[in-house]
Amino acid sequence: MKEKKAVYVNGYVGLVGFILLAGAGGFLLYLGMTGTTIFLPILGIIFWLIALAFLSSATVVSPNQAKVILFFGRYVGTIRENGFFLTIPFTQKITISLKVHNFNSSVLKVNDLEGNPIEISAVVVFKVVDTAKALFDVAYYRDFVEIQSETAVRHIASQYPYDTFNEEDLTLRGNTTAISDELAKELQERLSVAGVEIIEARLNHLAYATEIASAMLQRQQAQAILAARQTIVEGAVTMTQMALEQIEQGQKINFTQERKVQLINNLLVSIITDKGTQPVINTGNVKEQ
């Protein structure tokens, strides 16, 4: 099913025609009642029936609304232009809103990629772009949007971890914009059958489930400390290596293997430790070239 334009004309023109036909029908009935011929009353009744047909075809379309026209169960088209119109007589006219709608999903408890239970919800902004699909291809398109939105949120949440300390990983907490874009893309694929366009989809609630929130906080703290220590050690090794190269090359000093190990140990301890260090002056055997 695909939306198509209905046949319609300006309603005020039809209103004038209705008034003329109704007036002519009444006048003919009056002449038939005062005369002897039966032809005039019959013609007056015909005029009235035509006027009623004009009246049944009248419809009013408000801004940001559309009227889906059905003729004895058959879809004949949609009126999107707002105003007063006349269309096919004796038709059913169903109003479809073209306004932008907001849908706030309920808080869902799902497992992320690593199996951790999390709570997640999203706000979905959408509007109807194909009235025929919205009305005939799905049952109650708003309910369809809500159910498919929750399904998409569950699927997206299970594809990514809640958080990691690797900057290259895509996570739910650290890459909210990218996750929201992915959610909007998946929702559009799911809801295109309902004639719905996704304007925006954003996560509005994201947290660990209450039963593991405390444990996961401790885990995050431990991972943060471990990641920080790893960075410090890598930096300390690099700084120590640079210091030795500059001392040996710039000052033309050669350390014995024992003194070099001791110097490396002292430099690493002084750089890595989080407490103040006390300097120790040691005049060892240094060979000067």
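The values are calculated or read from the model by the stated rules, or taken from the named source; none is laboratory data. Just so it is clear, the model here is predicted, and its values are computed rather than measured. Here the Cβ positions follow ideal geometry from the backbone for every residue, glycine too, while neighbour counts run over all protein chains shown. These area figures cover heavy atoms from the full protein model, side chains too; ligands, DNA and RNA do not enter into them. Shrake-Rupley method; radii C 1.70, N 1.55, O 1.52, S 1.80 Å.
Observations, loosely collected:
- Residue satisfying all of: in the stretch 16-45; open to solvent by 80 Å² or more (accessible area, probe 1.4 Å) and modelled with pLDDT of 70 or more; farthest from LYS133 (Cα to Cα) among these: PHE39
- Here PRO89 fulfils each of the conditions (1) of a type outside the set (Lys, Arg); (2) surrounded by 14 or more Cβ atoms within 10 Å (Cβ to Cβ); (3) not in a strand (DSSP E or B); (4) not assigned by the TED database to the domain that holds THR59 apart from (4).
- Note on the stretch 105-161: among residues that are open to solvent by 40 Å² or more (accessible area, probe 1.4 Å) and in contact with a Pro (Cβ under 9 Å, 6 or more places away or on another chain), the one that is nearest to ARG80 (Cα to Cα) is LYS109.
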